[in-house]
1. Taking square-rooted eigenvalues a ≥ b ≥ c of the alpha carbon gyration tensor, is region 289-366 rounded, prolate or oblate, where a/c under 1.5 means rounded and, failing that, a/b exceeding b/c means prolate?
2. Accessible area, 1.4 Å probe, largest first: how do 204, 321 sort?
3. Given region 235-394 reduced to its alpha-carbon atoms as identical point scatterers, what log10 I(q)/I(0) does the Debye formula return at q = 0.09, 0.15 Å⁻¹?
4. Normalized C-alpha radius of gyration of region 119-214, against 2.2 N^0.38 Å?
5. Would you kindly state how much longer the chain becomes between residue 339 and residue 72 on full extension, computed as 0.36 nm times their sequence separation minus their alpha carbon distance, in nm to one decimal?
6. State the answer as a single residue: which of 99, 184, 120 lies farthest towards the positive end of the charge dipole of region 92-247, with beta carbon charges of +1 for Lys and Arg and -1 for Asp and Glu, about the Cα centre.
7. Once label points are set 7 Å from the Cα along Cα→Cβ at both residue 4 and residue 368, what is their separation, rounded to one decimal in nm?
8. Leaving ligands, DNA and RNA out of it, rank 51, 284, 202 by accessible area with a 1.4 Å probe, largest first.
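The values are calculated or read from the model by the stated rules, or taken from the named source; none is laboratory data. Because the structure is predicted, anything quoted here is derived from the model rather than measured. Every residue, glycine as well, gets a Cβ built from its backbone with ideal geometry; the counts of neighbours run over all protein chains shown. Keep in mind that these areas ignore ligands, DNA and RNA; they rest on the heavy atoms of the full protein, side chains included. Shrake-Rupley method; radii C 1.70, N 1.55, O 1.52, S 1.80 Å.
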Amino acid sequence: VHLTVPLNVLEADVPEGSIRWLRQPRAVVSQRAAADPDLIRDAAQLLLRSKRPVLVAGTGLFYAQAGPELAAFAGRYCLPVVTPIWDRGVVEGPQDWFLGVIGAASGQAPLLPAADLVIIAGAQVDYRLGYAQPPTIQREARIIRISAVPEELRQGVEPDVAILADPRSALRQLAAECERLGLPGFAPWLAEAQERDREFRKRWLLDPAPPPRPMTGRHIVDALRPFLRPDTIFLIDGGNIGQWAHMVLAARRYPSTWLTCGASAVVGWGLPGAMGARLAYPDKPILLSGDGAFTFTVAELERAAAHELPFVVVLADDCAWGIVVSGQCQAYGEEGVVCSRTGPIDYVRLAEACGCIGIHVESPAELAAALEQGLQATRPVVIHVPIAGGGPAD
């Protein structure tokens, strides 16, 4: 984004008494357009005939504030729910029906390939959904699209039912129609889906972490977990470290207070994003970033300190474009790693030079103590965590 401020605006005199601080606007849908009842009945009939449905909950549900409706619908009918990686989430607390993100470079549990019905609500069909083509979604699977955006209903794939409506209203209507039809729910399928997901994630959630020296992305996200309260603004930037956060922390919840780089996966937004979050919310945000993404906009540290915007950065440093190294190793072996490793940087001194606080840690216990210190600080805090390379799939 390029913003130009005219010179006459920059030089204008503004009486102090005329400045009004506006309440932070909320990103919500102002119009509540109900769905066509006939289409709701068609969708409910598809659910009635389904054995293995999966609901893909995208950013559109966040903007529609549809979290409670999603929870009521999925909970009542034991419906497995997933969210495309980098979309906004609405699963505020741990839920047994939420089975994490899809479309991650680290892979995903085999849920969509087994589905006979996919409800795509407020989400786009792109690389994260395998473009709704085999092997991600089978050709014989039925598809329901729900969106407030007309262009999104048939984007990427022609659905069996296309519902143009506010997703919050549509989910409420669909739940009521399923209740009227006596839909029994999908408890056996949810149990199978949970087992598929458990098998996929067991090496990160059930198996013990490797020895903590050197630390890995797994150690960082495990140490972060106790600090992510329901109201914590948590920003995720970077490649491999972002994969760790999604695979481990977002396994059973994906709150609306977690912010990511978006579907285009643009790294380097984290520092300015944390500054914006600190301006919008009173509590200190926590930014999780990799060294590659962090150095894109590292000069913003000086601005954050100058404008007294305290937040905490947990910086995972593997001296590499980690996700690029992972891909090169998987494709060509270690000898195929080209132009994706970087030299060491003293991030503590760099942070201090910008007017921030720098802390170097080398163990999970030290990281937890540094987080406690950072959340009490009145300046931005950069916690430098050297780690071994590798994402969850490595």
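1. The shape class here is prolate.
2. On the way: 204 10, 321 90 Å².
From most accessible down to least: 321, 204.
3. Listed by q, the Debye log ratios stand at -0.28, -0.78.
4. So region 119-214 has a normalised radius of gyration of 1.44.
5. 91.2 nm
6. 99
7. Rounded to a tenth, the inter-label distance reads 5.4 nm.
8. 51, 202, 284
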